[in-house]
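Below is one structure, written out as structure tokens; the observations come after it.
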Amino acid sequence: MDIKRITDGYWKGWFRVERPTAKVASYIRYSLYAKYRKYEDGCWYVHEKFIENIKQLAPADTNITTTASVIKDPYEVLHLRPTAPPAIIKAAWRELAKILHPDHGGNPEEFQRAKDAYEMLVKG
């Protein structure tokens, strides 16, 4: 089960609960008022005021992520200046990916944040 904070648009202040255990799903479905829970895309979205209760019900090995998934400044994440050319962006991404990749002992959250920043700069 994964719990991730949502920080953009309508879902600001909510958490996404992916693949909840039966106990957690039951709590969300039957104990929370409808305005504090939503079900979309096969995942539950829970308002932040109830996330502590869910953390207590969740198993000890649950991956709970409270890091913002939205990139505020992709250049800052990749440690670049806003005037960096595409070749430098690509090189910085490759070096950072070598360090942050989970297969090489890096943090998966930081790797995903860096990956999102790189994709935002290349595609956007």
Checklist entry - Which of the listed residues, Ala114, Ala87, Ile99, is farthest toward the dipole's positive end in region 74-123, when Lys, Arg count +1 and Asp, Glu count -1 at the beta-carbon? => result Ala87
Next on the checklist: For a quick size check, give me the Cα extents of region 74-123 along its three principal axes, largest first, whole Å.
Outcome noted: 31, 17, 15
Checklist outcome for this item: Magnitude of the Cβ-charge dipole (Lys and Arg +1, Asp and Glu -1) of region 74-123 about the Cα centre, nearest 20 debye, reported as 220 debye
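Here, each number is a calculation from the coordinates, and none is a lab measurement. This is a predicted model, so every value here is computed, not measured. No Cβ is skipped: glycine too gets one built from the backbone with ideal geometry, and neighbour counts run over all protein chains shown.
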